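Heads up, the thing below is written out as structure tokens.
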Amino acid sequence: MWKNEKNEIKEQWMNGNGRMKRKSKSNANEEINNLTWEWFASAIAKNIPIFGPIIQTKARQIAEQMSITEFKASNTWLESFKNRHKIVYHQICGEFEKPLVIGKSQKPRCFKKFPIIWRANNKAWMTGSIMEDWFNIQQ
């Protein structure tokens with residue numbers, strides 16, 4: 001029985017001039033996928049954190065704008081969208097801005113190895129000058 005299948009596969013291989021022909025799957029929602037991808041790429045370029053439910057909601061909105069009522073951005077659709085565009089979720093760390101820490105000590109030893117901005121005053125309070133200084137450093 002397997003020999004018959006072997007011969008059939010071999011015959012199909014030879015008819016294809018030695019190349020495997022793969023049918024491309026036509027996706028009825030290709031335009032929705034493309035517009036969703038464009039939106040996703042622009043959001044990621046702006047460092048906006050995007051995850052699954054947000055992508056699904058945006059895809060539904062795009063389908064509504066196109067008057068496509070039968071489209072459902074299901075979890076299966078989301079998984080195929082992520083696989084198609086090789087989307088992997090990682091934690092976004094932002095711009096690695098240093099936090100401002102205020103204390104009473106002028107040069108505390110305990111924070112030497114940490115990436116922070118240290119400011120000191122008598123009561124360890126935020127003052128206008130400390131805040132202004134911090135904003136100037138961040139820009």
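With respect to the cross-link table entries 46/82; 46/104; 46/98; 46/86; 58/98, which display a Cα-Cα separation exceeding 28 Å? In this structure, 46/104; 58/98 exceed 28 Å between Cα atoms. Solvent-accessible area of residue 9, all protein chains in place: 110 Å² (probe radius 1.4 Å, heavy atoms, ligands and nucleic acids excluded).
Extension gain, residue 84 to residue 66: 0.36 nm times the residue separation minus the Cα-Cα distance gives 4.3 nm.
Which order do you get for 101, 88 if you rank them by accessible area with a 1.4 Å probe, largest at the top?
Details: 101 40, 88 100 Å².
From most accessible down to least: 88, 101.
Kindly sort 78, 100, 35 by accessible area of their heavy atoms, largest first, with the probe set to 1.4 Å.
On the way: 78 10, 100 40, 35 65 Å².
Correct descending sequence by accessible area is 35, 100, 78.
Ordering 78, 100, 68 by the projection of their Cα atoms onto the charge dipole of the range 38-139, which places +1 on the Cβ of Lys and Arg and -1 on the Cβ of Asp and Glu, puts 100 at the extreme positive end.
With +1 on each Lys and Arg Cβ and -1 on each Asp and Glu Cβ, how big is the dipole of the range 51-122 about its Cα centre, in debye rounded to the nearest 20? Each step should come with its number before you reach the end.
Working: 13 positive and 5 negative charges, 150 e Å.
Approximately 720 debye in magnitude.
The values are calculated or read from the model by the stated rules, or taken from the named source; none is laboratory data. In this text the structure is predicted, and so the values were computed from the model without any measurement. Reconstructed Cβ throughout: ideal geometry from the backbone, glycine too, with neighbour counts over all protein chains shown. Surface accessibility is based on the protein's heavy atoms, side chains included, excluding ligands, DNA and RNA. Shrake-Rupley method; radii C 1.70, N 1.55, O 1.52, S 1.80 Å.
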